[in-house]
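Computed from the coordinates by the stated procedures, all read-outs in this text should not be read as laboratory data. Given the structure is predicted, the values throughout are model-derived calculations rather than measurements. Cβ sites come from the backbone with ideal geometry, for glycine too, and all protein chains shown count toward neighbours.
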Ligand code: BGP
């Protein structure tokens, strides 16, 4: 038997970075843009760190040429960005906004000029407020038609220019945070409504993937999920069962429906006991079957460790959004599992574990389960960076983090996983949804904070030239 030759990163590997419209663009009412649920939500006050919002963000809408020139200088191969639905259709449906459509044409053309592959995210959380007001957004099946209409406009406009598309960003986060924990818009805390909205999102996702097949036959599309592989705290069978349950509940609940068109039975059994009826309709199965992805997008930041959680145990909630280490609370679902500290790992200032091996483990687990190509659509370190008097930012901690995670991706490829690319989060600093501007992720520092837009000048961090050399050497120079 001939053993396969070891390979690290393939020739056309997509060395990229990612962002989202609300977090970078700003210009929140410019050129006919309508209001999104995030625009409205932050205006309620005190829902984000220091009341931070994306009205100006890092002004990418006006400075995209400067930002893309920096990407070109770095040698970036791919840039994942999201389209603001409210720029294309200010009211969510109805009249198209020519200026918004033109903006993304310019952005894509600018990327192409430097041979940077655009990766479009169709939905990164900024639902048009008009659809929320009209019928409750993702809680109504009316959104399936409207979402499909919006996606078809994007396919019509950009389908010949863009090959890679992410249909939905982190459904597991925006649904649970928006409908169950109530910390994202629309700020609802209701388990039944959360499960039902999630099912509608699944149908909408499958619907736009089916439309993609007709309109962008040569393209590739897949959803991106926030993925945290789980470890059990101990080898006690109760902890192993907690691990299995957490995995089904928090990961496969979303991924199985994308890739296999059905929910894990173990969780359906739990929902039955809780008398949660998903309101599945007769035609849903066929829609899900016709809407399977070409690849699976993975946003990986951390692994999670779980343990048994008794019926009177801890509940979900209690995130650290201040950057003060140790302020997050233990959380879980009573009777199922709880998330605990892992004594072998270190943590960021926001209490996220730092665990490159988790990415290796995660890619391998998903490859075994789904046999699909994987795109690392986000990975990065949120940290408080310091701009020196000489305009330098020495972010060796970010280089260490990214280096270890890229090595993990390489190991998974060597072990046989098909990984299309790696998008760091993020290229420039940007707004973190709940954590303000102090939680920085970029290779490029931007001069602003939560309360002051400042100069918005761009400064290259040490990690900029490091990633440049990683890309130039196709991942051998780490
Ligand atoms: C993911 C989102 C991104 C980004 C990132 C970092 O969940 O897709 O939009 O925000 O996480 O998270 P945070 O900003 O909470 O640090």
Report for region 331-472 the percent antiparallel among DSSP-assigned beta bridges with both residues inside it, nearest 5. 70 percent
Can you give the Kirkwood hydrodynamic radius of region 352-405 from its Cα pairs, in Å with one decimal? 13.4 Å
Across region 214-266, how large is the tail of the calculated P(r) beyond 12 Å, expressed as a percent of all Cα pairs? 70 percent
Take region 1-154, drop everything but the C-alpha atoms, weight them equally and run the Debye formula without solvent; then report log10 I(q)/I(0) at 0.09, 0.17 Å⁻¹ to two decimals. -0.35, -1.00
Given a Förster radius of 45 Å and the C-beta distance between residue 188 and residue 389 as r, what FRET efficiency does 1/(1 + (r/R0)^6) yield to the nearest 0.05? 0.45
Among 85, 38, what is the fewest-to-most ranking by other Cβ atoms within 10 Å? 38, 85
Directionally averaged shadow of region 403-470, computed from the convex hull of its alpha-carbon atoms, nm²: 5.7 nm²
Mean shadow area of region 104-240 over all directions, Cα convex hull, nm²: 11.1 nm²
If each residue of separation counts as 0.36 nm, what is the full-extension length gain between residue 173 and residue 472 once their alpha-carbon separation is subtracted? 104.2 nm
Whole-angstrom Cα spans of region 279-333 along principal axes, big to small: 46, 29, 20
Using 0.36 nm per residue of separation minus the Cα-Cα distance, give me the extension gain between residue 311 and residue 163 in nm, one decimal. 48.5 nm
Using alpha carbons only: equivalent-ellipsoid semi-axes of region 313-420, gyration tensor based, whole Å: 27, 25, 10
Could you list 168, 255 in order of exposure, starting from the residue whose Cβ has the fewest other Cβ atoms within 10 Å? 255, 168
Per the Kirkwood formula over distinct C-alpha pairs, the hydrodynamic radius of the chain in angstrom is 22.7 Å
Rounded to the nearest whole number, the per residue volume of the convex hull around the C-alpha atoms of region 253-400 in Å³ is 171 Å³
Take the alpha carbon atoms of region 328-394, find their center, do the same for region 432-446, and report the distance between the two centers in whole angstrom. 16 Å
Which three extents, in angstrom, do the Cα atoms of region 55-122 have along their principal axes, listed largest first? 39, 23, 17
Computed on Cα atoms, Rg of region 138-215 relative to 2.2 N^0.38 Å comes out at 1.20
If you take the alpha carbon radius of gyration of region 238-311 and divide it by 2.2 N^0.38 Å, what ratio comes out, to two decimals? 1.28
For region 166-281, what size does the Cα cloud have along each of its three principal axes, sorted from largest down, in whole Å? 51, 30, 27
Could you calculate the FRET efficiency of residue 449 with residue 8 from 1/(1 + (r/R0)^6), where r is the beta carbon distance between them and R0 is 30 Å, rounded to 0.05? 0.15
DSSP-defined antiparallel bridges as percent of all bridges, the chain, nearest 5: 30 percent
Between residue 457 and residue 236, what is the label-to-label distance in nm when each label sits 7 Å out along the Cα-to-Cβ direction? 5.6 nm
Counting other C-beta atoms within 10 Å, which of 384, 37, 200 has the fewest, and how do the rest follow? 384, 200, 37
Please report Rg over Rh for region 372-431, where both radii come from the alpha carbon positions and Rh follows the Kirkwood definition. 1.08
Spatial separation of Cα centroids for region 74-142 and region 212-257, in angstrom: 26 Å
Virtual paramagnetic centre 7 Å along Cα→Cβ of residue 73, amide N under 17 Å, in region 443-478: 443-447, 456-472
What is the diffusion coefficient of region 21-69 in µm²/s, taking the Kirkwood radius over Cα pairs and the Stokes-Einstein relation at 25 °C with a viscosity of 0.890 mPa s? 215 µm²/s
With R₀ set to 25 angstrom, the calculated FRET efficiency between the beta-carbons of residue 109 and residue 215, to the nearest 0.05, is 0.80
The computed P(r) of region 237-278 puts the percent of Cα pairs beyond 12 Å at 61 percent
